[in-house]
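To start, the structure under review is shown below, and the notes come after it.
The values are calculated or read from the model by the stated rules, or taken from the named source; none is laboratory data. Because the structure is a prediction, the values reported are computed rather than measured. Here the Cβ is made from the backbone with ideal geometry for all residues, glycine too, and neighbour counts use every protein chain on show.
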Amino acid sequence: MSKNIGLQLYTVRDHLAQDFVGTLEKVAQIGYKGLEFAGYGGLTAKELHAVVTDLGMQPVSSHLSIDLLKNTSETIEYALELGLSYVSCPWLPEELRKTADDYRAVGETLAQLGEEYASHGLTLCYHNHAFEFEQKSANGEFGLDILYSSTPAHALQAELDVYWVERAGQKATEYVAKYAGRCPLIHIKDMEDSESQTFAEVGSGTLPLLDIIEAGSKNGTKWFFVEQDVCKNDSLASITTSMAYLKGVGIA
């Protein structure tokens, strides 16, 4: 039942800012197998690859803004030297997501970029928040679905963030199944049982994470990344709690 469990390093950005390599060492000690980057700590790709692999972890993915993704030659060169398999667009500025046509235009841009990345062996993904679940078409279609329906799957894959799917009032297991074969990466996080529905350590909240992970495994997900956008506790303590839960249920 053990899965490929990684960490989206944005979770521990406060520690990385103080000691990038030392924080990676602690992440490895906690038990994470793979990494998704949100910045490279000023290291060259060769240096960072050596650090990560020496710690017994795998460089898997990186979050890059749509503007950075457009800088294909530099971005692709770094990603390949680091040893990444995926790059992911983590966010759309508001001006790019007001209408259905906006989502189709973004889809066209990402599809073109995805073809370029794919030609070098890299898979381009899109990572959602909740705003993509606003109805944008006359028939009530969500922005996220417009984006994926307007792009070929080989050029743009999904990195579903299950917290935001559920925060938007949808069922994450259903969305994982909807994009079966197109969702190689999933962000697993939990939702506090409170009025604010804020972020919680994995296993301590209300999301049906075991069902979500099972759905992902059945539908082609390769990596599950723990992410906690905001931690009430020390961020390293939070990712330790999340890993302890995943180990306790036999996932990690």
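Of all residues in the stretch 164-191, exactly one satisfies the criterion of being buried (at least 17 other Cβ atoms within 10 Å of the Cβ), under 13 Å from Glu214 (Cα atoms) and of a type in the set (Gly, Ala, Ser), namely Ala172.
Checked against (1) free of Cβ contacts under 8 Å to residues at least 60 places away in the same chain; (2) hydroxyl-bearing (Ser, Thr, Tyr); (3) surrounded by 15 or more Cβ atoms within 10 Å (Cβ to Cβ), Ser149 passes all but condition (3). Between Val27, Val51, the distinction of being part of a helix (DSSP H, G or I), over 19 Å from Phe224 (Cβ atoms) and either touching a residue at least 60 places away in the same chain (Cβ under 8 Å) or among the aliphatic types (A, V, I, L, M) (or both) belongs to Val51 only. Counting just the residues of the stretch 217-252 that are of a type in the set (D, E, K, R) and outside any loop (DSSP other than H, G, I, E, B), which one comes out surrounded by the most Cβ atoms within 10 Å (Cβ to Cβ)? Looking at residues that are of a type in the set (D, E, K, R) and outside any loop (DSSP other than H, G, I, E, B), I get Lys247.
Restricted to the stretch 127-211, the set of helices (runs of 4 or more DSSP H) holding at least 2 residues that are modelled with pLDDT of 95 or more, under 17 Å from Ala105 (Cα atoms) and not aliphatic (A, V, I, L, M) comprises 143-149.
Of note, Ser88 satisfies the criterion of being touching a residue at least 12 places away in the same chain (Cβ under 8 Å), small (Gly, Ala, Ser) and in contact with a Cys (Cβ under 9 Å, 6 or more places away or on another chain). Condition check: more than 23 Å from Leu9 (Cβ to Cβ) and loosely packed, with under 14 Cβ neighbours inside 10 Å. Does Glu214 satisfy that? Judged against the criteria, Glu214 is not a match.
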